[in-house]
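Below: the structure, in structure tokens.
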Amino acid sequence: MAWGFYGRREELGQLQDILGRNRWFFAKIVGRRRIGKTTLIQEALRAAKRPGILYVKIPDSGPAGVLSAVDDAFDTFGIAPEICPRPHSLPDLAKAIGVLARAGYVVALDEFQYFNRAHLADFPSFLQREVDALSANAASVPGGLLVLGSIHTEIQALLEDKSAPLFNRTTDEILLSHFDVASVLEVLRHHATPDAARLLSLWTLFEGVPKFYRDCYEQGVLGADRSTVLRRMFFESSSPLRTEADNWFLKELKGRYDVVLKYVARHEGCTNGELEAHVKEISQETDHQVAGYLKILIERYRLIDRKLPIFAKPRARAGRYYIADNFLAAWLAALASNVSALAFSPIDRLVENSTQRMNEVEGHAFEKLVAQLYEERSRKKLGDFPLSGHIEGYWDSADTEIDLVALDEPGKRIRFGSCKRSDAALARDLPTLDGHVRRFLTQFPKYQSWKSERVCLAPVISAEARKSLLARGVIVQDLTDLTSGL
């Protein structure tokens, strides 16, 4: 079966509506790299009656590099001089956008955040003048401008800061997040089998990034075992993802945050104190510098999440740190060091090392997947537990540790979850979970009058283990249960 267009129905409808107005628009589409921004535009334009499109991927370079990319795009999309003169300066580029929009073209500028660089900082002012002129006669301008960005804070600085030339100029916004699990399952049903082991293995590596699943499809390994997927996608000379993280994640960072990122990836859920102690051990960085690095990685690049236990105040010191992106977490924790050793070690040994390390990475990924499935099922009115908020975990200094806490406020129900990679571990952990729940309810007496439920979760739970756990009064769910109906 050929690769199709998966998920994104809501976003596709939104973009088709924008294109269907036949009046001036200035829309921003924001999402991390490889998330499908360009594919969304291509799909929307298939049904739109437009005279043409100009798509330019803005390079991280000076004006000459940008203008060279624009010149190439004029050739690629066949824009003749009688339609629009070729720009030879940044002011010319802004004028060309106006000319093409008035002719009904859609202009798409990808990696728009690079116009926040000092050597390109004049362009937003040039573009502002053109946008204001187009907006003043919006009804008579059939075309428009799409700006695509992958670094959220820099796009905000260009378009949402009150001091920015383009502040309050956009007409529409589309935020592209990861595929939901239902879309990943759709891909697997079309091109492999959506069994629990495959879903967890691929989701741990690629989460909901469409491009990575398509890369696997094109390499013929969507239905393969994990070792084959790792070998084909990362370790062979033609592997499409062998340099992916360095090229589009870590290139932006220029090596400044490697120590912090690697430690968090290999110690998911670490505390601020643990991170600072590690950094002091291996470098001369101060506590202040570590805090600054974390702030940038969390707020600017969104590569690290700081999570608090449920009910904690935002300024609580009990925060734990996690890599926000599954692909980067898997790369740093299990793949990068082995891929870098290809010139010195047998490939079989390196693939085996990475496969073993991925078992550890899957632990946190499974908790994250369960939380997402709970939220997705609640949103789609599936299952037996409508959520009244995000599902969270809980921990404290007294060693209380609960993987998942879910609230159903209207129904006065609270559900406590234990996530393990094997069903055998669930039975062993049940007395421990009971103790944690008792301490939780002592600390939060409000919930003592609610219906309290315990749920045991693993990727696969055998019939025998399920029967045994059910007899002990707990709810039992594996990935087959949680994906039912999606």
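The values are calculated or read from the model by the stated rules, or taken from the named source; none is laboratory data. Note that this is a predicted model, so its numbers are computed, not measured. Glycine gets a Cβ as well: all are built from the backbone with ideal geometry, and neighbour counts include every protein chain shown. We work out accessible area using only protein heavy atoms, side chains counted, and drop any ligands, DNA or RNA first. Shrake-Rupley method; radii C 1.70, N 1.55, O 1.52, S 1.80 Å.
Provide Rg over Rh for region 134-195; use the alpha carbon set for both Rg and the Kirkwood Rh (inverse mean inverse pair distance). Don't jump to the answer; show the numbers that get you there.
Values: Rg = 18.4 Å, Rh = 15.2 Å.
Rounded to two decimals, Rg/Rh equals 1.21.
According to the square roots a ≥ b ≥ c of the eigenvalues of the Cα gyration tensor, what is the shape class of region 260-346, taking rounded for a/c under 1.5, prolate for a/b larger than b/c otherwise, and oblate for the remainder? Mind showing how you got there, number by number?
Numbers: a/c = 2.33, a/b = 1.63, b/c = 1.43.
Prolate is the answer for region 260-346, as a/c is 1.5 or above and a/b outweighs b/c.
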Ranked packing of 68-79, 175-186, 320-331, most packed first, by mean Cβ within 10 Å: 320-331, 175-186, 68-79
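Based only on Cα atoms, what Rg/Rh ratio does region 296-361 have, Rh being taken as Kirkwood's radius?
Values: Rg = 16.2 Å, Rh = 13.9 Å.
We get a ratio of 1.16 for region 296-361.
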XL table Lys280/Lys313; Lys262/Lys313; Lys57/Lys262; Lys57/Lys211; Lys37/Lys313; Lys57/Lys95; Cα-Cα > 24 Å flagged, in table order, is Lys280/Lys313; Lys262/Lys313; Lys57/Lys262; Lys37/Lys313
Using alpha carbon centroids, what distance separates region 1-68 and region 303-360, in Å? 32
Starting from the Kirkwood radius over alpha-carbon pairs of the chain, derive D by Stokes-Einstein at 4 °C in a medium of 1.567 mPa s and give it in µm² s⁻¹. 52
What does the charge add up to near Asp423, with Lys and Arg as +1, Asp and Glu as -1, over the other residues with Cβ less than 14 Å from its Cβ? +2
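What number results when the radius of gyration of region 387-479, computed over Cα atoms, is divided by 2.2 N^0.38 Å? Can you show the working numbers first?
Values: Rg = 13.1 Å, N = 93, 2.2 N^0.38 = 12.3 Å.
This ratio for region 387-479 stands at 1.06.
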Helix 63-76: inclination vs the chain longest Cα principal axis, degrees, rounded to 10, gives 80
Quick one: helix 210-219 against the long Cα principal axis of the chain, what's the angle to the nearest 10°, folded into 0 to 90? 90
Projected-area mean, region 177-268, by convex hull of Cα positions, square nanometres: 6.8
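Tally Lys and Arg at +1 and Asp and Glu at -1 over the other residues with C-beta under 12 Å from the C-beta of Leu469: what net charge comes out? Spell out each step's value before the answer.
Values: positive: Lys420, Arg428, Arg454, Arg466, Lys467, Arg472; negative: Asp423, Asp429, Glu464, Asp478.
Net charge in that neighbourhood comes out at +2.
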Largest-first semi-axes in Å of the equivalent ellipsoid built from the Cα gyration tensor of region 72-192 are 29, 20, 15
Could you work out [θ]222 nm for the chain from helices alone, using -39500 (n - 2.57) per DSSP H run of at least four and dividing by all its residues? Round to the nearest 500 deg cm²/dmol. -13500 deg cm²/dmol
Taking region 136-195, which trypsin sites (Lys or Arg not before Pro) meet the DSSP loop condition and have no more than 12 other C-beta atoms within 10 Å? Lys162
Note the angle between two axes, namely the Cα long axis of helix 196-206 and the longest principal axis of the Cα atoms of the chain, as a number of degrees from 0 to 90, rounded to the nearest 10. 50
Cβ crowding within 10 Å averaged over residues, with 209-216, 347-354 ranked highest first: 209-216, 347-354
Computed accessible area, Trp203, all protein chains, 1.4 angstrom probe, square angstrom: 0
At a 1.4 Å probe radius, carbon and sulfur cover how many percent of the accessible area of the chain? 49
Might you tell me the accessible area per residue for region 349-486, computed with a 1.4 Å probe and given in Å²? 48
Please give the net charge around Glu352, taking every other residue with its beta carbon less than 13 angstrom from that of Glu352, where Lys and Arg add +1 and Asp and Glu add -1. +2
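Provide the convex hull volume over Cα atoms per residue for region 200-318, in Å³. Intermediate values should be presented prior to the final figure.
On the way: hull volume 16.8 nm³, N = 119.
Spread over its residues, the Cα hull of region 200-318 gives 141 Å³ apiece.
Sorted by average packing, counted as other Cβ atoms within 10 angstrom per residue and highest first, what order do 32-45, 332-345 take? Please report the intermediate quantities before stating the final value.
Values: 32-45: 20.1, 332-345: 16.9.
Listed from highest to lowest mean packing, they are 32-45, 332-345.
Evaluated at 25 °C with a viscosity of 0.890 mPa s, what Stokes-Einstein diffusion coefficient in µm²/s does region 278-415 have when Rh comes from the Kirkwood expression over alpha-carbon pairs? It would help to have the intermediate numbers written out before the result.
Numbers: Rh = 18.0 Å.
Translational D for this selection: 137 µm²/s.
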